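Enquirer: Here it is: the structure, laid out below.
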Amino acid sequence: MAAETRFRLKRPQKDFYLELIQAFPLASIRSEAHLRAAQVVIDRLLAKGKLNEGETLYLNALSDLTAAYEDA
């Protein structure tokens, strides 16, 4: 059973978030190649400038995953 949460993205932010997830799923980073690919996605989002709520949520999660790999 999935955990229930009060946090919900509304459209269009949800659409942006899901598009990013489909392009580069959020998963534990287990290799240098995966880390480099994640960094490309992060750099692309940062270069965009102002991000919407969905993009910001995704960027924060991906940044956490890269930091966890680097700390391991």
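Enquirer: Can you tell me which residues in region 54-72 are open to solvent by 90 Å² or more (accessible area, probe 1.4 Å) and either modelled with pLDDT under 95 or small (Gly, Ala, Ser) (or both)?
Expert: Result: GLU70, ASP71, ALA72.
Enquirer: Exactly one of (1) within 12 Å of the chain's Cα centre (by Cα); (2) at pLDDT 95 or above is unmet by ARG36. Its number?
Expert: Going through (1) within 12 Å of the chain's Cα centre (by Cα); (2) at pLDDT 95 or above one by one, ARG36 breaks only (1).
Enquirer: Quick one: how many residues across region 43-53 are open to solvent by less than 50 Å² (accessible area, probe 1.4 Å) and touching a helix residue (DSSP H, G or I) at 6+ places or on another chain (Cβ under 6 Å)? Spell out the reasoning first.
Expert: Going residue by residue through region 43-53, those that are open to solvent by less than 50 Å² (accessible area, probe 1.4 Å) are 45, 49, 51-52.
Next, from what is left, pick out any that are touching a helix residue (DSSP H, G or I) at 6+ places or on another chain (Cβ under 6 Å): 45, 52.
So the answer is 2.
Enquirer: Filter region 19-36 for residues that are open to solvent by 40 Å² or more (accessible area, probe 1.4 Å) and either in contact with a Phe, Trp or Tyr (Cβ under 8 Å, 6 or more places away or on another chain) or more than 25 Å from ARG8 (Cβ to Cβ) (or both) and give the result.
Expert: The first filter runs over region 19-36 and keeps only residues open to solvent by 40 Å² or more (accessible area, probe 1.4 Å), leaving 19, 21-23, 25-28, 30-34, 36.
Once the filter is applied, which keeps residues that are open to solvent by 40 Å² or more (accessible area, probe 1.4 Å) and either in contact with a Phe, Trp or Tyr (Cβ under 8 Å, 6 or more places away or on another chain) or more than 25 Å from ARG8 (Cβ to Cβ) (or both), region 19-36 yields ILE21, LEU26, SER28, ARG30, SER31, GLU32, ALA33, HIS34, ARG36.
The values are calculated or read from the model by the stated rules, or taken from the named source; none is laboratory data. Nothing here was measured: the structure is a model prediction, and the numbers come from that model. Methodologically, a virtual Cβ is constructed for each residue, glycine included, from the backbone with ideal geometry; neighbour enumeration extends over all protein chains shown. Surface accessibility is based on the protein's heavy atoms, side chains included, excluding ligands, DNA and RNA. Shrake-Rupley method; radii C 1.70, N 1.55, O 1.52, S 1.80 Å.
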